Amino acid sequence: MASKSNSFAILEMDAHRLACVRCRKSSKGIEVVEHASLAGDWGDPDSLGNALTAFAKENSLASGPLYTVVPRHDLTARILHMPSHDPEEVDSMLRLSAEEYVPFPLHDIVIDDSILEKLPDGHSRVLAVFAQRSVIDQHVRILAGAGLEPAEIFVSTACLASAVLGTKELHERWAFAHLSRTGLEVLVFHGRTLAFSRGIVSSHDWASMPPEEVLEELGVEIRASLSSYRRESEEGLPVEQVFLDSDWLHMGDAADTLTHSLGVDCSSLTISRQLGAKGLPGDPADGPSLAALGAALTAQGRGAVRISLVPESLLSRRRSHRTKRQAIAAVIVGLTVVAGLGALFAQMHYQRQGYIDALSAQVDRIRPQSQVLIEKQRQLLILQRALDRSGSAMEYLATMVDLAPPGISILSFTYREGEGVRVGGRGLNRATIDSYSDALRNSGSQVLPPLTTTRIESTRAQVENERDVMYYEIVVSFPDDSAEDPYT
């Protein structure tokens, strides 16, 4: 079987037959790509595993998602009433009461369930499946030995129900009997709701038996199944119709015989044709089983009843692998971000260094012209200071003479550039000298600012020509002009 893109495979295996069907994903119906089967007699797991290894390699089962179907007779299934509509609550209640339905401890059971109908009183009708862990583990080990890992492990009852419910509604109460080579399953429906199921396993391949013996045993098992349904049913009413289907036996002639033996109308129903499946052979007996077609619907999320018995060990391994993949992906993303930031930083550094180099080159080009300009500015400043008459010795002397009040004479005048002015003279008295000092100080804000620092440094009294005179010495300090030349 060639590997196909956008496809998945359904595998069925038992001691007498290996069968697989590859389907292409479709938004509606089923599109069969290829189908293959192999008959044999594999009485132990090792021989079945060897046969599966060769079969898987020949049909490329490892290339793409793989779903498997386990038969109903390998496990226990019950249709129960549960006091809840919530799937999680239903699942918890089933796990708490699992030992009521199977003689195994909870840790030795694989459980799954599917809500079939939500009742008005808050209860639900639930299909519960209990499988002994060793059965599922052996199923997984055989697959692993062939290099296969199932994405899901479906149950034939749920797959048959999904296939049947993929057709139109038939009656209010009706039964469907499906005959495979190694077993029989009888399902009873109320409209479109599964109400009862029973699986019967055969110790031999029914296809090797004479047809009349098959029909006789088939009639016995269907009658027993319908009786069990009436005992378990609240109403106790019989079914109105029995529909027959088989993967290998033409049920047209068998319908009349079973109608007579069962006392209820029986008719053949080839559901695979009603499913609108593409790629099926003309004779249904040459194509995939009905359970495989129901599994194909379920694998695409369109199954009316979904049961999956993937063991916790396999789920844990998948979670671990998924966590590792997520961690690796996170590390890769982190490294990518770091590498991107590093590249961005390197690019920014390269651009900044390039900009610095360009500015440095421009500075080097204009440095000679700037030095010439700075020298000219320094010369202009010196010339400006030379031409500026403000603050000269003559200006200070003239101002001090103008501000001298009557009775004040100036006998000495000393001007030291950058230091200050020292004036000496005499006055009539100390009051006249103080008045003169105040006049000089007050004129500083309007005439020469350094005059605001005027202070009387010394005074002395002396008698001249029989008159008292007062000699004084006034000092004006210049501000510190030693600030650094801005052009040096």
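At-a-glance table
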{"read-out": "The chain: relative contact order as a whole-number percent, Cα under 8 Å and 6+ apart", "value": "12 percent"}
{"read-out": "Carbon + sulfur, % of accessible area of the stretch 157-265 - ligands and nucleic acids excluded, 1.4 Å", "value": "47 percent"}
{"read-out": "Computed accessible area, HIS349, all protein chains, 1.4 angstrom probe, square angstrom", "value": "90 Å²"}
{"read-out": "Accessible surface, the chain, averaged per residue in Å² (probe 1.4 Å)", "value": "54 Å²"}
{"read-out": "Selection of GluC sites (Glu not before Pro), the stretch 218-249, meeting DSSP coil and at most 16 other Cβ within 10 Å", "value": "GLU234, GLU235, GLU240"}
{"read-out": "Difference of contour (0.36 nm per residue) and Cα-Cα distance, MET209 to GLU240", "value": "8.2 nm"}
{"read-out": "VAL135-ASP364 pseudo-label distance in nm [points 7 Å out on the Cα-to-Cβ vector]", "value": "8.8 nm"}
{"read-out": "Relative contact order, percent, the stretch 123-254 [alpha-carbon distance under 8 Å, six or more residues apart]", "value": "24 percent"}
{"read-out": "All Cα pairs of the stretch 1-89, percent lying beyond 21 Å", "value": "46 percent"}
{"read-out": "Sites MET348 and ASP44 - FRET efficiency at Förster radius 60 Å, r taken between beta-carbons, to 0.05", "value": "0.30"}
{"read-out": "Equivalent-ellipsoid semi-axes of the stretch 98-195, from the Cα gyration tensor, Å, largest first", "value": "28, 19, 12"}
{"read-out": "With 20 Å bins from 0: P(r) over the chain, alpha-carbon pairs, percent", "value": "17, 31, 9, 6, 6, 12, 13, 5, 0"}
{"read-out": "Dipole moment magnitude, nearest 20 debye, the chain about Cα centre, only Lys, Arg, Asp, Glu C-beta charged", "value": "1980 debye"}
{"read-out": "Alpha-carbon centroids, the stretch 452-467 and the stretch 43-98: separation in whole Å", "value": "127 Å"}
{"read-out": "Backbone N under 16 Å from the SER458 label point (7 Å along Cα→Cβ), restricted to the stretch 420-434", "value": "422-427"}
{"read-out": "Share of Cα-Cα pairs in the stretch 197-272 lying beyond 21 Å, as whole percent", "value": "28 percent"}
{"read-out": "Of ALA361, LEU314, ALA295, farthest towards positive along the dipole that unit charges on Lys, Arg, Asp, Glu beta carbons give the stretch 294-390", "value": "ALA295"}
{"read-out": "Surface/4 estimate of mean projected area, convex hull on alpha-carbon atoms of the stretch 225-333, nm²", "value": "12.0 nm²"}
{"read-out": "Computed lengthening from ALA398 to ALA327, 0.36 nm per intervening residue step minus Cα-Cα distance", "value": "16.2 nm"}
{"read-out": "Difference of contour (0.36 nm per residue) and Cα-Cα distance, SER316 to ASN465", "value": "40.8 nm"}
{"read-out": "The stretch 1-121, accessible surface, carbon-and-sulfur percent (1.4 angstrom probe)", "value": "49 percent"}
{"read-out": "Intensity falloff of the stretch 371-461 expressed as log10 I(q)/I(0), Debye formula with alpha-carbon point scatterers, at q = 0.12, 0.23 Å⁻¹", "value": "-0.46, -1.19"}
{"read-out": "For peptides 452-458, 130-136, sequence by mean Cβ density within 10 Å, most packed first", "value": "130-136, 452-458"}
{"read-out": "Accessible surface of the stretch 333-459, 1.4 Å probe, proportion on carbon and sulfur as whole %", "value": "59 percent"}
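The values are calculated or read from the model by the stated rules, or taken from the named source; none is laboratory data. The structure displayed is predicted, hence computed values, not measured ones. Methodologically, a virtual Cβ is constructed for each residue, glycine included, from the backbone with ideal geometry; neighbour enumeration extends over all protein chains shown. What goes into the accessible areas is simple: the full protein's heavy atoms, side chains included, and nothing from ligands, DNA or RNA. Shrake-Rupley method; radii C 1.70, N 1.55, O 1.52, S 1.80 Å.
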